[in-house]
1. Quick one: which of T392, T455 is hydroxyl-bearing (S, T, Y), touching a Gly at 6+ places or on another chain (Cβ under 7 Å) and away from the ligand (no atom under 11 Å from the Cβ)?
2. Do we find that S340 is within 14 Å of V433 (Cβ to Cβ), more than 9 Å from the ligand (Cβ to nearest atom), among the hydroxyl-bearing types (S, T, Y) and not assigned by TED's automatic domain parsing to the domain that holds K238 in this structure?
3. Over 18 Å from the mean Cα position of the chain (by Cα), over 30 Å from R7 (Cα atoms) and exposed (fewer than 15 other Cβ atoms within 10 Å of the Cβ): does that describe R265?
4. Right, I365: within 12 Å of the ligand (Cβ to nearest atom) and either closer than 18 Å to D314 by Cα or of a type in the set (A, V, I, L, M, F, W, C) (or both) or not?
5. If the Cβ limit is 7 Å and pairs must be 6+ apart or interchain, which residue in region 264-283 that is within 25 Å of N420 (Cα to Cα) pairs with which residue that is basic (K, R) and surrounded by 13 or more Cβ atoms within 10 Å (Cβ to Cβ)?
6. Name the residue that is surrounded by the fewest Cβ atoms within 10 Å (Cβ to Cβ), counting only residues in region 269-328 that are in contact with a Leu (Cβ under 6 Å, 6 or more places away or on another chain) and among the hydrophobic types (A, V, I, L, M, F, W, C).
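The values are calculated or read from the model by the stated rules, or taken from the named source; none is laboratory data. Here the structure is a predicted model, which is why all the values come from computation and not from measurement. Neighbour counts are summed over all protein chains in view; Cβ atoms, including those assigned to glycine, are modelled from backbone coordinates with ideal geometry.
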Amino acid sequence: MRTLYVRIIITTMAIMIASAVIAFAAANIYYQQFLKPENDKKTVHIAENIIAIYENNNREPISDYLTAMTDLGYKFYLVKPDGEGQVYGDSFTSEQIDSEHVDSVLSGDTYHGIANFPWKPFVTGFFDNELKNTIGVPIEIAGETHALFVRPNTMQQFGEMRIFLAVLLVLALLFSFLLVLTSTRFIVNPIKKLTEATKKIAAGNYHVKLNVNRKDEIGRLANDFSKMSDSLEHTEEKRQEFISNVSHEIQSPLTSIQGFSRVLREEELPREIRERYLSIIENESKRLSALSKQLLTLSNLDQDLDKRDFIPFDVADQLKEVVSTMEWQLRERELAVEMSVHPATVIGDPKLLQQVWVNLLTNAIRYSEAGGKVTIQTASDKSAVHVSVKDTGIGIAENDISQLFDRFYKVDKARTRTENSTGLGLSIVKKIVELHDGTVLVESEPGIGSTFTVTLPAK
Ligand code: ADP
């Protein structure tokens, strides 16, 4: 079976045929168990009535009488005392009957051929038009006992009904088949659309629209599929944007390094200018080196962390250590430091969390004016440890806060250029904090300063 369409049609047809066979067999069993004895009783009663009418109005010849009776929907087989038999009405398919049965009827007994007719799996005995399938009763004709075998003439009684039922059955099958053909398309078409869409995505085309307006499982699958393709498209866009940002960030320092080194090689320049150009080259290469380091950190963080490397440690000790290593930068910028830290244990990767404090402190220093103040505080409660780094620097406008943690986002492009910034510091902070199941919050006001608060789950 090549397609789902053909498979569903064949399965449904097989189920329909199997149900028909099972239903017929069940109806047959029902006939054998319950209807056959009833039918036998009913036919005995009718045979006795026929005889009673004949015996009470014993005027016309028996052959005329039985011929007239056949019009009422019965057929007869009359056996004379010498054993000679005669059919009245439509013929029997088989006129075989054991002579002992005939003899017993001739001697006055009733023959229950209908009740004792053997069971056949695919024919209901009701329609079996054999002489054995009759009721035999004795009948007195001209002072002699004859045997009269009677059964309903099903062709006459149910002929039209049989045709009607046959037409009904054939039409029901035909219409079911046609409806299965159309309804199967309804099931299979969305799956075909999904297959096409999967192929497109595999070929790198993420812009897939599926018009499946259904609320069932297939509808939900199509819906989830659309969401997945949107998310893949979004990821792909982000990736492209990331690559173009990286190229741009690499390109601009390289261009200035090339430019200044060419000028230095070609021209006789005064010493101070040469010094200045060389320091620009040095700064640009430092920027490149910082960028590559940060990219490497981000790519390591993108591959999930092994949390088995997490250990408990005192965050206050770590903060003191970071401040002391950055002390010369604070002094250079003429910034005061205030520390209010208390021992608090967190579980995590100490090297990564150190990176968080370094990045936040670097920003606080970088975006503060001389004479400002940097405050580092910790606070802890039962469930969390909060670390805040507050500055009295330039602050951040409300519009920028929502994008602050995006990769390569810089608020003031001109200023950040001279500050060796890459726009990656805060995205690294956010990534590390999230890997520790924590959060980062920013409160800031332009001209007043900013506070970055990191919340980590307590031990
Ligand atoms: P970088 O500092 O390398 O540019 P970040 O991701 O650390 O990259 O910061 C993104 C941007 O957020 C910075 O360019 C700066 O404009 C702004 N910013 C970050 N920290 C502060 C701060 N403490 N005060 C003012 N602006 C800040």
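1. T455
2. Working: within 14 Å of V433 (Cβ to Cβ): no; more than 9 Å from the ligand (Cβ to nearest atom): yes; among the hydroxyl-bearing types (S, T, Y): yes; not assigned by TED's automatic domain parsing to the domain that holds K238: yes.
No.
3. yes
4. Working: within 12 Å of the ligand (Cβ to nearest atom): yes; either closer than 18 Å to D314 by Cα or of a type in the set (A, V, I, L, M, F, W, C) (or both): yes.
Criteria met by I365.
5. If the second residue must be basic (K, R) and surrounded by 13 or more Cβ atoms within 10 Å (Cβ to Cβ), the pairs left are L264/R274.
6. L305
Quick grid of which residues meet (1) free of Cβ contacts under 8 Å to residues at least 60 places away in the same chain; (2) buried (at least 16 other Cβ atoms within 10 Å of the Cβ):
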residue	(1), (2)
V374	yes, yes
Q377	yes, yes
S380	no, yes
V387	no, yes
G393	yes, yes
I396	yes, yes
L404	yes, yes
R407	no, yes
D412	yes, no
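Residues are listed down the side, and each one gets a yes or a no for (1) surrounded by 19 or more Cβ atoms within 10 Å (Cβ to Cβ); (2) over 30 Å from I29 (Cβ atoms); (3) in contact with a Cys (Cβ under 7 Å, 6 or more places away or on another chain):
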{"position": "N56", "(1), (2), (3)": "no, yes, no"}
{"position": "Y65", "(1), (2), (3)": "no, yes, no"}
{"position": "M69", "(1), (2), (3)": "yes, yes, no"}
{"position": "Y88", "(1), (2), (3)": "yes, yes, no"}
{"position": "E100", "(1), (2), (3)": "no, no, no"}
{"position": "I114", "(1), (2), (3)": "yes, no, no"}
